[in-house]
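Beneath this line is the structure, given in structure tokens, with notes to follow.
Any read-out appearing in this document is the output of simple, stated calculations on the displayed coordinates, not a laboratory observation. This structure is a prediction, so every number in the text was calculated from the model and none was measured. Cβ placement follows ideal geometry from the backbone for every residue including glycine, while neighbour counts extend to all protein chains displayed.
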Amino acid sequence: MEQVHSLTNEIIPILRVFDRQKLKEFYLDFLDFNLDWKHQFDENSPMYMQVSQQGCILHLSEHHGDASPGTTLRIRVHQIKEFQQQLLAKNYTYARPGLERSPWGTMEFTVHDPFGNKLIFYEGN
């Protein structure tokens, strides 16, 4: 049977968020993601937005049912030591990530967003 479609390697996770100020402090100010776009049906409805940094794209949603709090993401990073040092230099109150070598040979650090989601940044394998 001939395949008539193709899949790309681009997967965009949706993370549940609850507080726009904390979202800004964590994703935009601390992690240096860019706000690409946002959408609301009206000023009293939940917001849905896209943030990105280089090739990493995340969707952040205030909509109930779009995602479950407590999601874990693994995000590949180039020059992880430099990235970790940049984050530490910001002296962010709620995260001081420590760099570790995993048993499977990657260098990693983990940060938790204010909404219970875990982001593991890694380099290698």
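Does Leu73 satisfy the condition of being of a type outside the set (S, T, N, Q), in contact with a strand residue (DSSP E or B) (Cβ under 7 Å, 6 or more places away or on another chain) and surrounded by 13 or more Cβ atoms within 10 Å (Cβ to Cβ)? Give the steps one after another, and end with the answer.
Working: of a type outside the set (S, T, N, Q): yes; in contact with a strand residue (DSSP E or B) (Cβ under 7 Å, 6 or more places away or on another chain): yes; surrounded by 13 or more Cβ atoms within 10 Å (Cβ to Cβ): yes.
So Leu73 passes the test.
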Any idea how many residues of segment 88-118 are within 16 Å of the chain's Cα centre (by Cα) and exposed (fewer than 13 other Cβ atoms within 10 Å of the Cβ)?
-> 1
When segment 89-125 is examined, which residues are found to be free of Cβ contacts under 8 Å to residues at least 24 places away in the same chain, aliphatic (A, V, I, L, M) and within 29 Å of Ala67 (Cα to Cα)?
-> Leu99
For segment 91-98, indicate whether the set of residues that are assigned to a strand (DSSP E or B) and closer than 23 Å to Tyr122 by Cα is non-empty.
-> no
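On the basis of being in a helix (DSSP H, G or I), in contact with a Pro (Cβ under 7 Å, 6 or more places away or on another chain) and aliphatic (A, V, I, L, M), does Leu58 make the cut?
Working: in a helix (DSSP H, G or I): no; in contact with a Pro (Cβ under 7 Å, 6 or more places away or on another chain): yes; aliphatic (A, V, I, L, M): yes.
So Leu58 does not fit the description; no.
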Which condition breaks for Lys38 when tested against (1) part of a strand (DSSP E or B); (2) over 16 Å from Asp19 (Cβ atoms); (3) among the basic types (Lys, Arg)?
-> (2)
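Find the residue count for segment 3-20, including only residues that are within 18 Å of Ile75 (Cα to Cα) and under 15 Å from the mean Cα position of the chain (by Cα). Break it down into steps so the answer makes sense when it comes.
Our first condition is that a residue be within 18 Å of Ile75 (Cα to Cα); within segment 3-20, this holds for 8-16.
So of that shortlist, the ones also under 15 Å from the mean Cα position of the chain (by Cα) come out as 10-16.
Summing the residues that are within 18 Å of Ile75 (Cα to Cα) and under 15 Å from the mean Cα position of the chain (by Cα) in segment 3-20 gives 7.
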Note: among Ser68, Ser45, just one is without any contact (Cβ under 8 Å) to a residue 12 or more places away in the chain and either touching a Lys or Arg at 6+ places or on another chain (Cβ under 7 Å) or small (Gly, Ala, Ser) (or both), namely Ser45
